[in-house]
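Below you'll find the structure, written out as structure tokens, and then a few comments.
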Amino acid sequence: MPARNRTLKIGDIKVSCGNCSLTELCLPHGMDGPDIEKLDQIVKRQQPFQPGQHVFRAGDKSRSLFAVRSGALKSYCTTEDGDEQVLGFTLPGELVGLDGMSDGSYASSSVVLETTSICELPYDLLEDLCHSLVGLNRQMMRVVSKEITADQGMLLLLGKRNAEERLAAFLLSLSSRYKSRGLSTTEFNLPMSRQDIGNYLGLAIETVSRLFASFQKDQLLKVNRRQVVLVDMPRLRGMVEGCSGRKI
């Protein structure tokens with residue numbers, strides 16, 4: 001990690017776990033004031049990362065978990081053939097680096113998609129706090145559970161859905177994640193490229209571009225480069241729920 005890291009305490013800065021707008025999404029969720037202060041004391045807040053910078057790379061020695069305050073990250077791995085496989089995208093209030101907690105090194109890489117602010121939580125200090133703070137331990141279990149659920153959902157997405165359903169499900173997932181941040185559910189910016197979306201969904205970039213054009217023609221959405229407006233949410237949901245039988 002860059003040498004620019006420094007540990008900040010409450011009172012030294014304006015941004016802290018206690019007054020962060022993402023508290024309900026991140027690790028402090030469900031914790032009371034004194035416990036949040038204890039968590040805040042171990043957090044390292046870094047200078048913003050710029051697009052293309054790596055938070056960590058696969059194989060790096062793992063020391064910390066990272067929480068995104070603003071911006072977006074892409075997680076990926078490299079296949080034996082040297083090809084990139086996108087594993088997911090991390091938005092504000094979400095964590096990355098869980099895959100480094102088991103064997104001492106990160107299994108994937110995390111790269112910045114747009115200017116991103118990050119909180120770093122050293123594993124050893126976080127583990128000690130989890131032993132003493134029931135609320136933090138409970139939230140860590142929720143985070144791991146959400147990761148497992150997301151992985152299962154991705155397997156279903158790739159295994160059972162056609163191209164149109166995959167893109168619709170992806171856009172609805174982003175809509176839901178932005179909603180939990182108090183942002184618009186129907187109008188948002190895509191921090192990832194069409195190529196990244198296609199890689200993640202198992203589709204060619206040409207297919208993704210064609211689908212966006214087709215969805216726009218069918219008045220399901222409006223798109224201007226990376227700015228998307230979901231015009232007909234019920235129809236998008238119908239495309240996805242018709243396949244799975246589950247509501248989104």
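The values are calculated or read from the model by the stated rules, or taken from the named source; none is laboratory data. Note that this is a predicted model, so its numbers are computed, not measured. As a convention, Cβ positions derive from the backbone with ideal geometry for all residues, glycine included, and neighbour counts pool all protein chains shown.
Let's see how each residue does on (1) touching a Ser or Thr at 6+ places or on another chain (Cβ under 8 Å); (2) outside any helix (DSSP H, G or I); (3) farther than 17 Å from residue 35 by Cα:
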| position | (1), (2), (3) |
| --- | --- |
| 116 | yes, yes, yes |
| 130 | no, no, no |
| 137 | no, no, no |
| 140 | no, no, no |
| 158 | no, no, yes |
| 168 | no, no, yes |
Residue list for segment 79-93, filter: surrounded by 14 or more Cβ atoms within 10 Å (Cβ to Cβ) and of a type in the set (Val, Ile, Thr)
86, 90
Would you confirm, using the coordinates I've provided, whether residue 121 is assigned to a strand (DSSP E or B) and surrounded by 18 or more Cβ atoms within 10 Å (Cβ to Cβ)?
yes
List the pairs whose first member sits in segment 140-162 and is more than 20 Å from residue 97 (Cβ to Cβ), whose second member is among the acidic types (Asp, Glu), and whose Cβ atoms are under 9 Å apart, counting only residues at least 6 apart or on separate chains?
157/165
Quick check, is residue 176 of a type in the set (Gly, Ala, Ser) and in contact with a strand residue (DSSP E or B) (Cβ under 9 Å, 6 or more places away or on another chain)?
no
Evaluation of residue 241 against (1) modelled with pLDDT under 95; (2) of a type in the set (D, E, K, R); (3) assigned to a strand (DSSP E or B) (one fails), failing number:
(3)
So, of the residues in segment 62-106 that are among the small types (Gly, Ala, Ser) and in a loop (DSSP other than H, G, I, E, B), which turns out to be nearest to residue 136 (Cα to Cα)?
93
Mind checking which residues of segment 200-234 are within 24 Å of residue 151 (Cβ to Cβ) and not in a helix (DSSP H, G or I)?
202, 203, 204
Go through segment 175-204 residue by residue and tally those that are closer than 19 Å to residue 113 by Cα, small (Gly, Ala, Ser) and over 16 Å from the mean Cα position of the chain (by Cα).
1
Only one of these is surrounded by fewer than 19 Cβ atoms within 10 Å (Cβ to Cβ), within 18 Å of residue 229 (Cβ to Cβ) and either modelled with pLDDT of 95 or more or hydroxyl-bearing (Ser, Thr, Tyr) (or both): 175, 184. Name it.
184
